[in-house]
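Since the structure comes first, as C-alpha coordinates, the remarks are kept for the end.
The values are calculated or read from the model by the stated rules, or taken from the named source; none is laboratory data. Quick caveat, the model's predicted, so the values are computed rather than measured. Positions of Cβ are backbone-derived with ideal geometry, glycine not excepted, and every protein chain shown enters the neighbour counts. Ligands, DNA and RNA are stripped out before the accessible areas are found, and what is left, the full protein with its side chains, is counted by its heavy atoms. Shrake-Rupley method; radii C 1.70, N 1.55, O 1.52, S 1.80 Å.
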Amino acid sequence: MTKAAVIVIAISLLGKVFGFARELLLANYFGTSNIVDVYLMSITIPSILFGFLPALGTGFTPIYYGIDEDRRKNQFLNNILVVSVAIAFICILITFIFKNQIVSFCAPGFDPFSKELTSLFLCISIWAVLFNTPVQILTAYLNCNGDYINSNVSNLFVSLIQAVFVVIAAKAGEIFLPIGAVLPWLFQMWWLGISSRKKGYRIVRYTIDDKNVNALFKLAAPLFISNILVDINGFIDKMLSSSLPEGRLSALNYSFTLRAVFVTAASTVITTIIYPKISEKLICGDKLSSNGIIAKYFDIISFIIVPVCCICIIFSEDLVRIILMRGNFDRNSLQNTVSPFLAYSISLIVIVWRELIIRIMYSTGRTSINLRYSLIEICINILLSLSLVRYFGHVGLAMATTIAAIITFPLYYLELKRILSCEMLKGRLEKILKIFLSTAALASVSFVTSMVLKKFPDIGFIADIVHLAISTCTGGIAYVIVSYFLQIEECIDVVDKIKIKLNRE
(Lines give C-alpha, C1' and ligand atoms only; values in the text may rest on other atoms or scores of the structure.)
Protein backbone atom coordinates (compact mmCIF):
# COMPACT_ATOMS: atom_id res chain seq x y z
CA MET A 1 0.00 0.00 0.00
CA THR A 2 2.86 2.37 0.82
CA LYS A 3 4.55 1.79 -2.55
CA ALA A 4 1.23 2.21 -4.34
CA ALA A 5 0.58 5.41 -2.41
CA VAL A 6 3.97 6.82 -3.42
CA ILE A 7 3.32 5.99 -7.09
CA VAL A 8 -0.18 7.49 -6.97
CA ILE A 9 1.12 10.67 -5.32
CA ALA A 10 3.87 10.92 -7.95
CA ILE A 11 1.34 10.55 -10.78
CA SER A 12 -0.98 13.04 -9.12
CA LEU A 13 1.77 15.62 -8.66
CA LEU A 14 3.00 15.14 -12.21
CA GLY A 15 -0.57 15.58 -13.41
CA LYS A 16 -0.77 18.79 -11.41
CA VAL A 17 2.46 19.96 -13.06
CA PHE A 18 0.78 19.49 -16.43
CA GLY A 19 -2.34 21.11 -15.02
CA PHE A 20 -0.31 24.08 -13.92
CA ALA A 21 1.24 24.25 -17.36
CA ARG A 22 -2.31 24.72 -18.58
CA GLU A 23 -3.01 27.40 -15.97
CA LEU A 24 0.30 29.11 -16.75
CA LEU A 25 -0.51 29.17 -20.44
CA LEU A 26 -4.01 30.45 -19.68
CA ALA A 27 -2.57 33.19 -17.47
CA ASN A 28 0.18 33.99 -19.99
CA TYR A 29 -2.07 34.30 -23.04
CA PHE A 30 -5.29 35.59 -21.46
CA GLY A 31 -4.33 36.92 -17.98
CA THR A 32 -7.41 37.66 -15.86
CA SER A 33 -9.41 38.90 -18.85
CA ASN A 34 -13.09 38.63 -19.67
CA ILE A 35 -12.42 35.61 -21.94
CA VAL A 36 -11.09 33.63 -18.98
CA ASP A 37 -14.17 34.54 -16.94
CA VAL A 38 -16.45 33.34 -19.78
CA TYR A 39 -14.46 30.14 -20.24
CA LEU A 40 -14.48 29.33 -16.52
CA MET A 41 -18.20 29.99 -16.26
CA SER A 42 -18.94 27.76 -19.27
CA ILE A 43 -17.08 24.79 -17.78
CA THR A 44 -18.46 25.47 -14.29
CA ILE A 45 -22.14 25.48 -15.28
CA PRO A 46 -22.22 21.75 -16.22
CA SER A 47 -20.64 21.00 -12.85
CA ILE A 48 -23.16 23.23 -11.08
CA LEU A 49 -26.15 21.65 -12.82
CA PHE A 50 -25.07 18.03 -13.20
CA GLY A 51 -22.12 17.61 -10.86
CA PHE A 52 -24.15 15.13 -8.82
CA LEU A 53 -23.72 12.40 -11.46
CA PRO A 54 -20.12 11.42 -10.53
CA ALA A 55 -21.50 10.36 -7.14
CA LEU A 56 -22.28 7.07 -8.90
CA GLY A 57 -18.54 6.46 -9.00
CA THR A 58 -18.24 7.05 -5.26
CA GLY A 59 -21.12 4.74 -4.39
CA PHE A 60 -19.85 2.07 -6.81
CA THR A 61 -17.05 0.78 -4.55
CA PRO A 62 -18.97 -0.65 -1.55
CA ILE A 63 -21.68 -2.14 -3.81
CA TYR A 64 -19.05 -3.78 -6.04
CA TYR A 65 -17.29 -5.41 -3.08
CA GLY A 66 -20.63 -6.77 -1.90
CA ILE A 67 -21.12 -8.81 -5.12
CA ASP A 68 -19.60 -12.30 -4.86
CA GLU A 69 -19.60 -13.45 -8.51
CA ASP A 70 -17.38 -12.05 -11.28
CA ARG A 71 -20.16 -12.43 -13.85
CA ARG A 72 -22.56 -10.38 -11.72
CA LYS A 73 -19.86 -7.78 -11.07
CA ASN A 74 -19.34 -7.39 -14.82
CA GLN A 75 -23.10 -7.13 -15.40
CA PHE A 76 -23.39 -4.51 -12.66
CA LEU A 77 -20.58 -2.40 -14.17
CA ASN A 78 -22.12 -2.62 -17.64
CA ASN A 79 -25.61 -1.70 -16.42
CA ILE A 80 -24.52 1.34 -14.44
CA LEU A 81 -22.49 2.63 -17.41
CA VAL A 82 -25.54 2.38 -19.67
CA VAL A 83 -27.71 4.19 -17.13
CA SER A 84 -25.15 6.97 -16.64
CA VAL A 85 -24.88 7.60 -20.40
CA ALA A 86 -28.68 7.74 -20.76
CA ILE A 87 -28.96 10.28 -17.93
CA ALA A 88 -26.11 12.32 -19.45
CA PHE A 89 -27.92 12.62 -22.81
CA ILE A 90 -31.02 13.93 -21.03
CA CYS A 91 -28.88 16.53 -19.23
CA ILE A 92 -27.28 17.64 -22.51
CA LEU A 93 -30.69 18.01 -24.18
CA ILE A 94 -31.98 20.15 -21.30
CA THR A 95 -28.93 22.40 -21.54
CA PHE A 96 -29.32 22.95 -25.29
CA ILE A 97 -32.97 23.91 -24.89
CA PHE A 98 -32.46 26.34 -21.98
CA LYS A 99 -28.87 27.51 -22.53
CA ASN A 100 -29.64 31.24 -22.62
CA GLN A 101 -31.81 31.11 -19.51
CA ILE A 102 -29.18 29.04 -17.69
CA VAL A 103 -26.40 31.50 -18.51
CA SER A 104 -28.51 34.52 -17.52
CA PHE A 105 -29.31 32.86 -14.21
CA CYS A 106 -25.76 31.65 -13.45
CA ALA A 107 -23.93 34.80 -14.59
CA PRO A 108 -26.29 37.74 -14.04
CA GLY A 109 -23.37 40.18 -13.84
CA PHE A 110 -22.08 39.41 -17.34
CA ASP A 111 -22.67 41.93 -20.11
CA PRO A 112 -24.72 40.84 -23.18
CA PHE A 113 -21.62 39.95 -25.23
CA SER A 114 -20.18 37.82 -22.43
CA LYS A 115 -23.51 36.06 -21.93
CA GLU A 116 -23.78 35.25 -25.64
CA LEU A 117 -20.22 33.92 -25.72
CA THR A 118 -20.82 31.88 -22.57
CA SER A 119 -23.90 30.29 -24.21
CA LEU A 120 -21.77 29.33 -27.21
CA PHE A 121 -19.02 27.87 -25.01
CA LEU A 122 -21.62 26.03 -22.91
CA CYS A 123 -23.04 24.21 -25.96
CA ILE A 124 -19.59 22.67 -26.36
CA SER A 125 -18.48 22.17 -22.76
CA ILE A 126 -21.73 20.42 -21.76
CA TRP A 127 -20.65 17.33 -23.72
CA ALA A 128 -18.14 16.61 -20.95
CA VAL A 129 -21.11 15.38 -18.90
CA LEU A 130 -21.40 12.43 -21.31
CA PHE A 131 -17.91 11.22 -20.44
CA ASN A 132 -17.06 12.27 -16.88
CA THR A 133 -19.50 9.94 -15.09
CA PRO A 134 -18.31 6.80 -16.96
CA VAL A 135 -14.77 7.96 -16.21
CA GLN A 136 -15.52 8.06 -12.47
CA ILE A 137 -17.19 4.63 -12.57
CA LEU A 138 -14.37 2.98 -14.55
CA THR A 139 -11.80 4.60 -12.25
CA ALA A 140 -13.57 3.10 -9.22
CA TYR A 141 -13.67 -0.29 -10.98
CA LEU A 142 -9.91 -0.26 -11.62
CA ASN A 143 -9.19 0.84 -8.04
CA CYS A 144 -11.32 -2.03 -6.72
CA ASN A 145 -9.23 -4.41 -8.82
CA GLY A 146 -5.91 -2.98 -7.65
CA ASP A 147 -4.97 -1.19 -10.89
CA TYR A 148 -4.07 2.13 -9.28
CA ILE A 149 -1.67 3.14 -12.06
CA ASN A 150 -4.00 3.08 -15.06
CA SER A 151 -6.84 4.59 -13.03
CA ASN A 152 -4.70 7.70 -12.48
CA VAL A 153 -2.17 7.91 -15.31
CA SER A 154 -4.78 9.06 -17.84
CA ASN A 155 -5.04 12.31 -15.87
CA LEU A 156 -1.56 13.18 -17.11
CA PHE A 157 -2.70 13.18 -20.72
CA VAL A 158 -5.89 15.06 -19.86
CA SER A 159 -3.98 18.02 -18.44
CA LEU A 160 -1.49 17.91 -21.31
CA ILE A 161 -4.24 17.96 -23.95
CA GLN A 162 -5.94 20.86 -22.21
CA ALA A 163 -2.66 22.79 -22.14
CA VAL A 164 -2.18 22.22 -25.87
CA PHE A 165 -5.67 23.53 -26.60
CA VAL A 166 -5.02 26.69 -24.60
CA VAL A 167 -2.12 27.43 -26.98
CA ILE A 168 -4.31 26.60 -29.98
CA ALA A 169 -7.02 28.92 -28.65
CA ALA A 170 -4.52 31.76 -28.26
CA LYS A 171 -3.42 31.33 -31.89
CA ALA A 172 -6.58 30.22 -33.69
CA GLY A 173 -9.49 31.54 -31.62
CA GLU A 174 -11.10 31.33 -28.19
CA ILE A 175 -13.63 28.70 -29.36
CA PHE A 176 -10.93 26.05 -28.88
CA LEU A 177 -10.95 26.64 -25.11
CA PRO A 178 -14.21 24.72 -24.44
CA ILE A 179 -13.27 22.14 -27.10
CA GLY A 180 -10.08 21.51 -25.17
CA ALA A 181 -12.13 21.04 -22.01
CA VAL A 182 -14.23 18.22 -23.55
CA LEU A 183 -11.85 16.14 -25.67
CA PRO A 184 -9.63 15.05 -22.75
CA TRP A 185 -12.64 13.42 -21.07
CA LEU A 186 -13.26 11.40 -24.24
CA PHE A 187 -9.62 10.32 -24.30
CA GLN A 188 -9.71 9.40 -20.61
CA MET A 189 -12.82 7.28 -21.06
CA TRP A 190 -11.14 5.45 -23.96
CA TRP A 191 -8.01 4.80 -21.89
CA LEU A 192 -9.95 3.57 -18.86
CA GLY A 193 -12.15 1.40 -21.09
CA ILE A 194 -9.10 -0.40 -22.51
CA SER A 195 -7.60 -0.80 -19.03
CA SER A 196 -10.90 -2.17 -17.70
CA ARG A 197 -11.04 -4.78 -20.47
CA LYS A 198 -7.60 -6.00 -19.40
CA LYS A 199 -9.03 -6.46 -15.91
CA GLY A 200 -11.90 -8.57 -17.21
CA TYR A 201 -14.68 -6.14 -18.09
CA ARG A 202 -16.80 -7.20 -21.07
CA ILE A 203 -19.73 -5.43 -22.71
CA VAL A 204 -22.93 -7.44 -22.20
CA ARG A 205 -26.61 -6.86 -22.80
CA TYR A 206 -28.27 -4.40 -20.43
CA THR A 207 -30.62 -5.90 -17.85
CA ILE A 208 -33.41 -3.85 -16.33
CA ASP A 209 -33.89 -5.78 -13.09
CA ASP A 210 -30.37 -5.44 -11.67
CA LYS A 211 -30.94 -5.05 -7.92
CA ASN A 212 -27.35 -3.84 -7.48
CA VAL A 213 -28.05 -0.81 -9.68
CA ASN A 214 -31.06 -0.02 -7.52
CA ALA A 215 -28.92 -0.45 -4.41
CA LEU A 216 -26.32 1.92 -5.86
CA PHE A 217 -28.91 4.61 -6.51
CA LYS A 218 -30.24 4.22 -2.96
CA LEU A 219 -26.71 4.55 -1.58
CA ALA A 220 -25.84 7.38 -3.96
CA ALA A 221 -29.05 9.36 -3.35
CA PRO A 222 -27.60 11.24 -0.35
CA LEU A 223 -24.38 11.67 -2.33
CA PHE A 224 -26.39 13.13 -5.22
CA ILE A 225 -28.00 15.66 -2.91
CA SER A 226 -24.70 16.41 -1.18
CA ASN A 227 -23.01 17.07 -4.54
CA ILE A 228 -25.91 19.23 -5.64
CA LEU A 229 -25.53 21.29 -2.47
CA VAL A 230 -21.80 21.66 -3.12
CA ASP A 231 -22.55 22.74 -6.68
CA ILE A 232 -25.12 25.25 -5.44
CA ASN A 233 -22.45 26.65 -3.17
CA GLY A 234 -20.09 26.89 -6.13
CA PHE A 235 -22.84 28.49 -8.16
CA ILE A 236 -23.34 31.18 -5.52
CA ASP A 237 -19.60 31.96 -5.57
CA LYS A 238 -19.51 32.14 -9.37
CA MET A 239 -22.68 34.22 -9.51
CA LEU A 240 -21.32 36.69 -6.97
CA SER A 241 -17.96 36.77 -8.79
CA SER A 242 -19.67 37.61 -12.08
CA SER A 243 -20.90 40.86 -10.52
CA LEU A 244 -17.41 41.89 -9.40
CA PRO A 245 -14.89 43.81 -11.55
CA GLU A 246 -13.42 42.01 -14.55
CA GLY A 247 -10.83 39.34 -13.73
CA ARG A 248 -11.94 38.59 -10.18
CA LEU A 249 -13.49 35.25 -11.14
CA SER A 250 -10.31 34.11 -12.92
CA ALA A 251 -8.15 35.30 -9.98
CA LEU A 252 -10.33 33.26 -7.62
CA ASN A 253 -9.94 30.25 -9.93
CA TYR A 254 -6.15 30.56 -10.09
CA SER A 255 -5.89 30.71 -6.30
CA PHE A 256 -8.23 27.75 -5.84
CA THR A 257 -6.33 25.73 -8.45
CA LEU A 258 -3.03 26.44 -6.74
CA ARG A 259 -4.33 25.14 -3.42
CA ALA A 260 -5.86 22.14 -5.20
CA VAL A 261 -2.37 20.86 -6.03
CA PHE A 262 -1.80 19.93 -2.39
CA VAL A 263 -5.35 18.81 -1.69
CA THR A 264 -5.40 16.57 -4.76
CA ALA A 265 -2.12 14.86 -3.89
CA ALA A 266 -3.56 13.76 -0.56
CA SER A 267 -7.16 13.12 -1.63
CA THR A 268 -6.03 11.03 -4.63
CA VAL A 269 -4.38 8.57 -2.26
CA ILE A 270 -7.51 8.59 -0.10
CA THR A 271 -9.93 7.89 -2.96
CA THR A 272 -7.64 5.57 -4.94
CA ILE A 273 -6.16 3.33 -2.24
CA ILE A 274 -7.48 3.97 1.27
CA TYR A 275 -11.20 4.12 0.39
CA PRO A 276 -11.28 0.77 -1.50
CA LYS A 277 -9.15 -0.90 1.19
CA ILE A 278 -11.39 0.29 4.01
CA SER A 279 -14.52 -0.74 2.07
CA GLU A 280 -13.08 -4.18 1.36
CA LYS A 281 -12.14 -4.79 5.01
CA LEU A 282 -15.53 -3.65 6.28
CA ILE A 283 -17.39 -5.86 3.77
CA CYS A 284 -15.32 -8.78 5.07
CA GLY A 285 -16.16 -7.79 8.65
CA ASP A 286 -12.53 -6.96 9.50
CA LYS A 287 -13.13 -3.75 11.45
CA LEU A 288 -9.81 -3.93 13.31
CA SER A 289 -7.75 -3.89 10.10
CA SER A 290 -9.84 -1.08 8.60
CA ASN A 291 -9.30 1.03 11.73
CA GLY A 292 -5.58 0.36 11.52
CA ILE A 293 -5.54 1.61 7.92
CA ILE A 294 -7.49 4.71 8.94
CA ALA A 295 -5.14 5.52 11.82
CA LYS A 296 -1.96 4.92 9.81
CA TYR A 297 -2.90 7.10 6.86
CA PHE A 298 -4.39 9.77 9.09
CA ASP A 299 -0.94 10.09 10.69
CA ILE A 300 0.93 10.07 7.37
CA ILE A 301 -1.33 12.66 5.78
CA SER A 302 -1.10 14.90 8.84
CA PHE A 303 2.71 14.65 8.95
CA ILE A 304 2.94 15.79 5.31
CA ILE A 305 0.06 18.26 4.91
CA VAL A 306 0.39 20.31 8.12
CA PRO A 307 3.87 21.70 7.19
CA VAL A 308 2.77 22.17 3.58
CA CYS A 309 -0.18 24.24 4.82
CA CYS A 310 2.23 26.35 6.87
CA ILE A 311 4.52 26.95 3.87
CA CYS A 312 1.57 27.99 1.70
CA ILE A 313 0.52 30.56 4.29
CA ILE A 314 3.99 32.02 4.89
CA PHE A 315 5.05 32.13 1.25
CA SER A 316 1.69 32.72 -0.45
CA GLU A 317 2.89 35.72 -2.46
CA ASP A 318 6.16 34.05 -3.43
CA LEU A 319 4.35 30.94 -4.68
CA VAL A 320 1.84 32.86 -6.78
CA ARG A 321 4.55 35.13 -8.21
CA ILE A 322 6.87 32.25 -9.15
CA ILE A 323 4.17 30.03 -10.61
CA LEU A 324 1.84 32.47 -12.37
CA MET A 325 3.42 35.90 -12.85
CA ARG A 326 4.40 36.10 -16.51
CA GLY A 327 2.90 37.32 -19.79
CA ASN A 328 -0.48 38.98 -19.29
CA PHE A 329 -0.52 37.96 -15.63
CA ASP A 330 0.77 41.31 -14.31
CA ARG A 331 1.27 42.77 -10.82
CA ASN A 332 -2.41 43.66 -10.55
CA SER A 333 -3.33 40.04 -11.29
CA LEU A 334 -0.79 38.97 -8.67
CA GLN A 335 -2.41 41.09 -5.95
CA ASN A 336 -5.88 39.85 -6.92
CA THR A 337 -4.74 36.23 -6.64
CA VAL A 338 -2.50 36.21 -3.55
CA SER A 339 -5.17 37.18 -1.00
CA PRO A 340 -7.72 34.47 -1.91
CA PHE A 341 -4.92 31.89 -2.12
CA LEU A 342 -3.86 32.80 1.42
CA ALA A 343 -7.48 32.52 2.60
CA TYR A 344 -7.89 29.12 0.94
CA SER A 345 -4.56 27.82 2.32
CA ILE A 346 -5.62 28.31 5.94
CA SER A 347 -8.17 25.49 5.60
CA LEU A 348 -5.87 23.13 3.66
CA ILE A 349 -5.31 20.60 6.43
CA VAL A 350 -8.97 20.69 7.49
CA ILE A 351 -10.09 19.94 3.92
CA VAL A 352 -7.77 16.92 3.66
CA TRP A 353 -8.82 15.55 7.07
CA ARG A 354 -12.46 16.02 6.13
CA GLU A 355 -11.95 14.19 2.83
CA LEU A 356 -10.55 11.17 4.67
CA ILE A 357 -13.37 11.13 7.23
CA ILE A 358 -16.00 11.46 4.47
CA ARG A 359 -14.59 8.41 2.69
CA ILE A 360 -14.69 6.50 5.97
CA MET A 361 -18.33 7.50 6.35
CA TYR A 362 -19.08 6.30 2.80
CA SER A 363 -17.44 2.95 3.57
CA THR A 364 -19.60 2.51 6.66
CA GLY A 365 -22.80 3.51 4.84
CA ARG A 366 -23.21 6.83 6.67
CA THR A 367 -23.96 8.84 3.54
CA SER A 368 -27.07 10.47 5.01
CA ILE A 369 -25.02 11.83 7.93
CA ASN A 370 -22.52 13.34 5.51
CA LEU A 371 -25.42 14.93 3.65
CA ARG A 372 -26.57 16.57 6.87
CA TYR A 373 -23.11 17.97 7.59
CA SER A 374 -22.67 19.15 4.02
CA LEU A 375 -25.96 21.03 4.23
CA ILE A 376 -24.83 22.77 7.42
CA GLU A 377 -21.45 23.71 5.93
CA ILE A 378 -22.93 25.00 2.68
CA CYS A 379 -25.56 27.09 4.45
CA ILE A 380 -22.82 28.69 6.56
CA ASN A 381 -20.69 29.20 3.46
CA ILE A 382 -23.48 30.87 1.49
CA LEU A 383 -24.43 33.19 4.35
CA LEU A 384 -20.80 34.17 4.87
CA SER A 385 -20.26 34.64 1.12
CA LEU A 386 -23.23 37.00 0.84
CA SER A 387 -21.93 39.00 3.80
CA LEU A 388 -18.17 39.04 3.19
CA VAL A 389 -18.29 39.70 -0.56
CA ARG A 390 -19.68 43.17 0.20
CA TYR A 391 -16.60 44.15 2.20
CA PHE A 392 -13.78 41.99 0.78
CA GLY A 393 -14.90 41.24 -2.79
CA HIS A 394 -13.65 37.95 -4.25
CA VAL A 395 -11.36 37.48 -1.22
CA GLY A 396 -14.48 37.33 0.94
CA LEU A 397 -15.67 34.31 -1.05
CA ALA A 398 -12.45 32.46 -0.28
CA MET A 399 -12.67 33.51 3.37
CA ALA A 400 -16.23 32.19 3.56
CA THR A 401 -15.18 28.78 2.21
CA THR A 402 -12.36 28.52 4.75
CA ILE A 403 -14.40 29.68 7.76
CA ALA A 404 -17.28 27.32 6.91
CA ALA A 405 -14.89 24.35 6.60
CA ILE A 406 -13.28 25.12 9.97
CA ILE A 407 -16.58 25.67 11.78
CA THR A 408 -18.11 22.38 10.60
CA PHE A 409 -15.01 20.18 10.95
CA PRO A 410 -15.83 19.25 14.61
CA LEU A 411 -18.94 17.49 13.29
CA TYR A 412 -16.78 15.24 11.12
CA TYR A 413 -14.37 14.72 14.01
CA LEU A 414 -17.23 13.42 16.14
CA GLU A 415 -17.96 10.82 13.43
CA LEU A 416 -14.32 9.74 13.51
CA LYS A 417 -14.63 9.47 17.29
CA ARG A 418 -17.56 7.07 16.87
CA ILE A 419 -15.54 4.84 14.54
CA LEU A 420 -12.11 4.69 16.20
CA SER A 421 -11.48 3.46 19.73
CA CYS A 422 -10.76 6.03 22.46
CA GLU A 423 -7.17 4.80 22.79
CA MET A 424 -6.54 4.99 19.05
CA LEU A 425 -8.13 8.44 18.80
CA LYS A 426 -6.10 9.71 21.76
CA GLY A 427 -2.94 8.58 19.98
CA ARG A 428 -3.93 10.57 16.89
CA LEU A 429 -4.49 13.75 18.92
CA GLU A 430 -1.14 13.44 20.70
CA LYS A 431 0.67 12.96 17.41
CA ILE A 432 -1.08 15.92 15.77
CA LEU A 433 -0.04 18.11 18.70
CA LYS A 434 3.57 17.04 18.19
CA ILE A 435 3.28 17.73 14.46
CA PHE A 436 2.00 21.24 15.16
CA LEU A 437 4.93 21.87 17.52
CA SER A 438 7.35 20.73 14.82
CA THR A 439 5.55 22.92 12.28
CA ALA A 440 5.98 25.92 14.59
CA ALA A 441 9.75 25.33 14.39
CA LEU A 442 9.47 25.15 10.59
CA ALA A 443 7.53 28.42 10.47
CA SER A 444 10.01 30.23 12.71
CA VAL A 445 13.14 29.09 10.86
CA SER A 446 11.60 29.65 7.40
CA PHE A 447 10.40 33.15 8.29
CA VAL A 448 13.75 34.21 9.79
CA THR A 449 15.64 32.80 6.79
CA SER A 450 13.30 34.62 4.41
CA MET A 451 13.81 37.93 6.20
CA VAL A 452 17.59 37.54 5.99
CA LEU A 453 17.51 36.67 2.28
CA LYS A 454 15.26 39.64 1.48
CA LYS A 455 18.08 41.96 2.50
CA PHE A 456 20.01 40.88 -0.58
CA PRO A 457 19.28 42.63 -3.93
CA ASP A 458 16.37 41.19 -5.93
CA ILE A 459 17.72 39.92 -9.23
CA GLY A 460 14.54 38.45 -10.69
CA PHE A 461 12.79 35.13 -11.24
CA ILE A 462 15.72 32.82 -10.46
CA ALA A 463 16.40 34.70 -7.22
CA ASP A 464 12.78 34.20 -6.17
CA ILE A 465 13.05 30.44 -6.70
CA VAL A 466 16.36 30.22 -4.81
CA HIS A 467 14.94 32.37 -2.02
CA LEU A 468 11.88 30.12 -1.65
CA ALA A 469 13.94 26.92 -1.90
CA ILE A 470 16.45 27.96 0.77
CA SER A 471 13.74 29.19 3.14
CA THR A 472 11.61 26.05 2.84
CA CYS A 473 14.62 23.69 3.02
CA THR A 474 15.96 25.26 6.22
CA GLY A 475 12.48 25.15 7.69
CA GLY A 476 12.09 21.54 6.55
CA ILE A 477 15.34 20.56 8.28
CA ALA A 478 14.10 22.18 11.49
CA TYR A 479 10.79 20.29 11.10
CA VAL A 480 12.55 16.93 10.75
CA ILE A 481 14.91 17.59 13.70
CA VAL A 482 12.12 18.60 16.06
CA SER A 483 9.88 15.75 14.83
CA TYR A 484 12.67 13.25 15.50
CA PHE A 485 13.25 14.75 18.94
CA LEU A 486 9.51 14.46 19.71
CA GLN A 487 9.57 10.80 18.61
CA ILE A 488 7.06 11.13 15.76
CA GLU A 489 6.91 7.64 14.28
CA GLU A 490 6.70 8.68 10.61
CA CYS A 491 9.82 10.83 10.93
CA ILE A 492 11.76 8.13 12.81
CA ASP A 493 10.91 5.56 10.13
CA VAL A 494 12.22 7.81 7.36
CA VAL A 495 15.41 8.73 9.23
CA ASP A 496 16.12 5.09 10.15
CA LYS A 497 15.70 3.97 6.55
CA ILE A 498 18.11 6.69 5.41
CA LYS A 499 20.64 5.55 8.03
CA ILE A 500 20.36 1.92 6.89
CA LYS A 501 20.86 2.92 3.27
CA LEU A 502 23.91 5.07 4.10
CA ASN A 503 25.45 2.25 6.17
CA ARG A 504 25.04 -0.19 3.28
CA GLU A 505 26.84 2.19 0.95
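The helices (runs of 4 or more DSSP H) found entirely in the stretch 345-428 include none that carry 3 or more residues being of a type in the set (Phe, Trp, Tyr), modelled with pLDDT under 80 and more than 21 Å from the chain's Cα centre (by Cα). Would the stretch 124-137 turn up any residue that is in a helix (DSSP H, G or I), in contact with a helix residue (DSSP H, G or I) (Cβ under 8 Å, 6 or more places away or on another chain) and farther than 20 Å from LEU186 by Cβ? Among the residues of the stretch 124-137, not one is in a helix (DSSP H, G or I), in contact with a helix residue (DSSP H, G or I) (Cβ under 8 Å, 6 or more places away or on another chain) and farther than 20 Å from LEU186 by Cβ, which makes the answer no.
All of (1) touching a residue at least 60 places away in the same chain (Cβ under 8 Å); (2) closer than 30 Å to ASN34 by Cα hold for PHE96 with one exception: (1). Scan the stretch 203-215 for residues that are of a type outside the set (S, T, N, Q) and within 13 Å of ARG72 (Cβ to Cβ) and jot them down. VAL204, ASP209, ASP210, LYS211, VAL213, ALA215, listed by residue number. Mind checking whether some residue in the stretch 28-41 is closer than 30 Å to LEU216 by Cβ, out of contact with any strand residue (DSSP E or B) (no Cβ under 7 Å at 6 or more places or on another chain), at pLDDT below 85 and surrounded by fewer than 22 Cβ atoms within 10 Å (Cβ to Cβ)? So far as the stretch 28-41 goes, no, none of its residues is closer than 30 Å to LEU216 by Cβ, out of contact with any strand residue (DSSP E or B) (no Cβ under 7 Å at 6 or more places or on another chain), at pLDDT below 85 and surrounded by fewer than 22 Cβ atoms within 10 Å (Cβ to Cβ).
Evaluated against (1) in contact (Cβ under 8 Å) with a residue 12 or more places away in the chain; (2) surrounded by fewer than 22 Cβ atoms within 10 Å (Cβ to Cβ), ALA55 falls short on exactly one condition, (2). Just one residue in the set VAL103, VAL82 is within 20 Å of TRP127 (Cα to Cα), open to solvent by less than 30 Å² (accessible area, probe 1.4 Å) and either at pLDDT below 85 or out of contact with any strand residue (DSSP E or B) (no Cβ under 7 Å at 6 or more places or on another chain) (or both); that residue is VAL103. One residue stands out in the stretch 369-400 among those that are of a type in the set (Val, Ile, Thr) and more than 14 Å from ARG248 (Cα to Cα): the one that is surrounded by the most Cβ atoms within 10 Å (Cβ to Cβ), namely ILE378.
Restricted to the stretch 120-133, and to residues there that are open to solvent by 10 Å² or more (accessible area, probe 1.4 Å) and over 21 Å from the mean Cα position of the chain (by Cα), the residue that is nearest to PHE165 (Cα to Cα) is ILE124. Cβ separations smaller than 7 Å between residues 6+ apart or across chains give the following pairs from the stretch 323-349 residues that are open to solvent by less than 10 Å² (accessible area, probe 1.4 Å) to residues that are modelled with pLDDT of 80 or more and among the basic types (Lys, Arg): LEU334/ARG321. Pairs meeting the criteria (first residue in the stretch 212-223 and more than 19 Å from ILE369 (Cβ to Cβ), second residue assigned to a helix (DSSP H, G or I) and β-branched (Val, Ile, Thr), beta carbons under 6 Å, at least 6 apart or on different chains) are ASN212/ILE63; VAL213/ILE80.
Scanning for something of a type in the set (S, T, N, Q) and either touching a His at 6+ places or on another chain (Cβ under 6 Å) or farther than 19 Å from ILE43 by Cβ (or both), does the stretch 93-109 turn up at least one residue? No. Would you mind finding the one in GLY200, GLY193, GLY146 that is loosely packed, with under 15 Cβ neighbours inside 10 Å, in contact (Cβ under 8 Å) with a residue 40 or more places away in the chain and under 28 Å from ARG359 (Cβ atoms)? Just one listed residue meets the conditions, GLY200.
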